[in-house]
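Encoded as structure tokens, the structure appears first; notes follow it.
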Amino acid sequence: MAGRIRDDDIAAVREKARIDEVVSSYVTLRNAGGGSQKGLCPFHDEKSPSFHVTPSRGFYHCFGCGEGGDVISFLMKIDGLGFTEAVERLAEKYGVQLRREEGGPDDKPRGPQRRRLVEAHAVAQEFYAAQLRSPEAIEARRFLDQRGFDQAAATMFGVGYAPREGEALWRHLRDRKFTSEEVIAAGLVAMGRSHYDKFRGRLVWPIRDSASDTIGFGARRIHDDDKIEAKYLNTAETPIYKKSQVLYGIDLARREIARSAQAVVVEGYTDVMACHLSGVGTAVATCGTAFGDDHARVLRRFLDDHEGTQGEVIFTFDGDSAGQKAALKAFQGDQRFVSQTYIAVAPEGQDPCELRINSGDEAVRELIAGRRPLYRFALESVVKRFDLDRADGRIDALREGARLVASVRDKAKVDAFARELAGLVGVDPDQARSEVRRVAGRSGGAGGPGGPGASGRPD
Ligand SMILES: [Zn+2]
């Protein structure tokens, strides 16, 4: 194997790869004056941007956490790449021919390189997309058709079909000079008695990162005799696919999220498609996992976050108990997002895909426009459990609701939430406030109402 990349080629990569362009795939940047740009730091949590990029110097620096460096170190850090791999990726993107020193030490990381895994995904995606037109894929085409997706929609999202004959993908990849090690590491092919396609016989969606590279697939069961019962299969963890961070649709949504300061989180691939086709261009979905703090961090990087407006994250939970549980969990989880989190619930528990089929594009846009604050949804879910026609029911509802309100760390919000609770239960606001104080005092929560740290947390 070749040795070290020549220094002048590395310099050429640094020269040609535009740092603002590269960073923009991960962080929304805005003009900060003096030829520099700023955004929310991807390396630490923050509310206001202290991550600066200076294109003329090819340099980034975060005043919050002290991270800094050039375009190569940025890519290494954010995608967990080795130096060589980061240089190779940039060289490829910016058309720099890399030459190697003869006989130098080889710093190639062990295992297939990220670039190879991404290339294998690109080849697999094309292969699947072409298969969607095959006679065998009739069920897959019917599935799309029944959900209101035509050929143009399938093309836009790169939807495809994995042939039932499990070795077809492997043969195709092998012909394109991919090794067994590479396609297995990519999570595309598994090794049993033969190399078989993990998603064989299924309708597949390419999952792309924010830079539009396909890094994984989601696959839906469509044949009744599919031996794998799971309705959906997703790529497992691989060197390029981390499900705690992956958001389906982020490649299409990120610009609109930045522009509109709003992100919509839906539950599935077809919901993302339905939203985008209906004109809700900010929709994304997690893939086979619940929305977690890492997903929130990814979204926040794209949300417009200037001048105190934090942007909105809208969840389309269904209105059933699972959805309510999820809302309560979100409320009690990372509270920095509480005040910017909204819930949109469609009539009769429809998801956006069903809503679009039954009522059209307009109804999907209205669903999102009719969002309600998460805290109100969560309070209602708690209060609804009690019989408010009875005095003891009201007391219990007030106590449970107060518990939820008292758990809010952002003390500036507590009073507003207590008033909201009073309205829901039908008691005087002062009574709700004193109940919240009582509950908060007993739990010994960090700082009583009106305590320090009103609207924030240390950054
Ligand atoms: Zn930072």
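Quick look at the numbers
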read-out	value
Test: residue in segment 373-382 that is without any contact (Cβ under 8 Å) to a residue 40 or more places away in the chain and either closer than 30 Å to GLY148 by Cα or not in a helix (DSSP H, G or I) (or both)	yes
ASP320 being modelled with pLDDT of 85 or more and among the charged types (D, E, K, R)	no
Cross-chain or 6+ apart pairs with Cβ under 7 Å, segment 35-50 first and among the acidic types (Asp, Glu), then near the ligand (Cβ under 7 Å from one of its atoms)	GLU46/GLY64
Filtered residue count, segment 230-240, keeping only those that are more than 16 Å from the chain's Cα centre (by Cα) and assigned to a strand (DSSP E or B)	3
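The values are calculated or read from the model by the stated rules, or taken from the named source; none is laboratory data. The structure displayed is predicted, hence computed values, not measured ones. Quick reminder, even Gly has a Cβ in these numbers, built from the backbone with ideal geometry, and neighbours come from all protein chains shown.
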